[in-house]
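Novice: If you scroll down you'll find the structure; I have some questions about it.
Quick note: the coordinates plus some simple rules give every number you see, no bench work behind them. Model, not experiment: these values are computed from the prediction. Using ideal geometry, Cβ is built from the backbone for each residue, glycine included, and neighbour counts are taken over all protein chains shown.
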Amino acid sequence: MPVSFENGMENYEPLPAAADTVAAATVVREQTADDRSECRDGRVQLRNPHLAKLGSDHLYHLALSTATHPLVEMFGDVKFVCMGGTPSRMEQFARLAKQELHVNLPTGSDLCDLSHYAGRYSMYKVGPVLSVSHGMGAPSLSILLHEVFKLLHYARCRDVVIFRIGTSGGVGVPPGSVVVSTGAVNGLLREELQMPILGKLVIRPAKMDVALAEEIVAEARRSLPELNLVTGKTMCADDFYEGQGRLDGSFCDYTEQEKLQFLEKLHSIGVVNIEMEATLFAAMCHHAGIKGAIVCVTLLNRLKGDQIDTPKSVMSEWQLRPQHVVLRFIKHRLSDLNAST
C-alpha cells in the first residue's frame, strides 16, 4: 500500500507497517516558514545547536579544521561556490575561472587541491570562487554540502551563491542544451527531499531560487547567444538506471511503453532533464538560507534513447557549456559588486 502525502502540512503522518516490521515509521513534514528561505544577514544558517558545544570542528572530508586552519583568512572572501561531479572537471573549471576572472597567483605557484589530504573530494580556490567536486548522487553531495556550509559559516562568508554544474539527460530537449533549473522533483514527482532520519521519514521542501535562475539565463542569452538555453524542472533520481527509467541496466521490470509513458508524463509537467542531485541540492540550500542554482548540459534526449554514445570530443565541449554560463554570471555579478563599492 503506497504512502499518501496528500493531507497538507501535518507534522506527523503514519506509514502503513510492512508485514515483517514491528512498528510503523513516521513521516515528519517540515514547515516552510520564511526563515527557511534567506538568511537575514547573508550568513549560512547551520541550524544545529550542538555545534556550539564543540571545542573545534573537524571538516573530515575536506581535510580542514577550525583548530588548525585560519578559515576566515583562507576563505573569508569567497562569494561563489561551484561544484560538479568529478575532480578533473572541477580542476578544469578552476583553471577556466582563473583565466576568465584574470586572477593572478604568486610567481611560481599553481592551483592546488586544498582538500587532497582527505582523498575524498577536490577543492580549488580562485579569488572569490571555490571550485569543488561532489561525487555522484545525492548521498555524496550531502556530505560535501554539510561541510561546505560549515566552512562558509566559520569563514564568515556573506551573500554566497552556490552552483551545481553538471551533466544530465534531456527530456524533450536536444543534446548539448544548457538547462537552468527552476524547480526540482524527486522520483515520485514531488518538489521535496525525502530523507530517513532516526527512523522517521523527514520531508523538506526542495525549492529553487527562480529569480536567480532567471538572472543566470538573462546574462547567458546576452553573452552566449549561440547556446540553446532551456529552463524548467529537473527530476532527481536515486540511481542512473531503473530510477531514470532506462532499459539498458542489469535489471528492468517494466516495458518500453511504460518507460515512454513516464517520460511523457515528466515532459507534460515541465520536467526538462534528469540527474541525481537536484532535490538534495535545492532542499539543503533552501534550508541553509543560501542561494543556489543548477546549470547542467544535456547529453542526450531520453525520449529518443538511453545510451550515451556521443563522441568524447563532442561531450567534452558540451560539458564546458554550463561552466561558461556560470562564469559569465559570476563576471557580471562581480562587475556589479565592484561598481557599488
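Novice: Would you compute, from DSSP H runs of 4+ residues alone, the mean residue ellipticity of the chain at 222 nm, taking -39500 (n - 2.57) per run and dividing by the full residue count, rounded to the nearest 500?
Specialist: -10000 deg cm²/dmol
Novice: I've got another one for you. Which Cα, out of Ser177, Leu303, Pro322, lies furthest along the positive dipole direction of the chain (beta carbon charges, K/R +1, D/E -1)?
Specialist: It is Pro322, whose Cα lies furthest towards the positive end.
Novice: Give the long-range amide H neighbours of Met276: residues separated by 5 or more places, or on another chain, with amide H under 5 Å away, using H modelled in the peptide plane at 1.01 Å from N.
Specialist: Those lying under 5 Å, H to H, from Met276 are Ala237.
Novice: With 30 Å as the limit, write out which pairs from Lys233/Lys259; Lys233/Lys331; Lys259/Lys331 have Cα-Cα distances beyond it, or answer none.
Specialist: Check vs 30 Å cut-off fails for Lys259/Lys331.
Novice: Okay, moving on. What number in nm² do you get for the chain if you take the convex hull of its Cα atoms and divide its surface by four?
Specialist: 20.1 nm²
Novice: Under a Cβ-only charge scheme (Lys and Arg +1, Asp and Glu -1), can you give me the dipole magnitude of the stretch 141-228 about the Cα centre, in debye to the nearest 20? It would help to have the intermediate numbers written out before the result.
Specialist: Numbers: 10 positive and 9 negative charges, 69 e Å.
For the stretch 141-228, the charge dipole is close to 340 debye.
Novice: Can you find, among His116, Gly84, Leu105, the residue farthest towards the positive end of the dipole of the chain? Put +1 on the C-beta of Lys and Arg, -1 on that of Asp and Glu.
Specialist: Leu105
Novice: Packing-wise, with mean Cβ within 10 Å as the measure, how do 162-171, 128-137, 84-93 rank, highest first?
Specialist: 162-171, 128-137, 84-93
Novice: Over 27 Å between C-alpha atoms is what I'm after, so list which of Lys207/Lys265; Lys98/Lys207; Lys79/Lys207 land there.
Specialist: Beyond 27 Å: Lys98/Lys207.
Novice: OK, next. If the cut-off is a Cα-Cα distance under 14 Å, which aspartates and glutamates reach Lys150, setting aside same-chain residues fewer than 8 apart in sequence?
Specialist: Within reach: Asp57.
Novice: Mind telling me which of Asp159, Asp57, Asp248 comes out most flexible in a GNM of the chain, alpha-carbon contacts under 10 Å?
Specialist: Result for the chain, Cα springs under 10 Å: Asp248 fluctuates most.
Novice: Ser340 versus Lys312, label points 7 Å from Cα toward the beta carbon: distance in nm?
Specialist: The modelled label-to-label distance comes out at 4.5 nm.
Novice: Pairs of alpha-carbon atoms within less than 8 angstrom and 6+ residues apart define the contacts here; what relative contact order does the chain have, in percent?
Specialist: Values: 655 pairs, mean separation 77.0, N = 341.
In percent, rounded to a whole number, it is 23.
Novice: Right, something else. Would you be so kind as to identify all helices of the chain, as entire DSSP H runs, whose Cα atoms reach 27 Å or more along the helix's own axis and whose mean Kyte-Doolittle hydropathy is at least -0.5?
Specialist: 312-340
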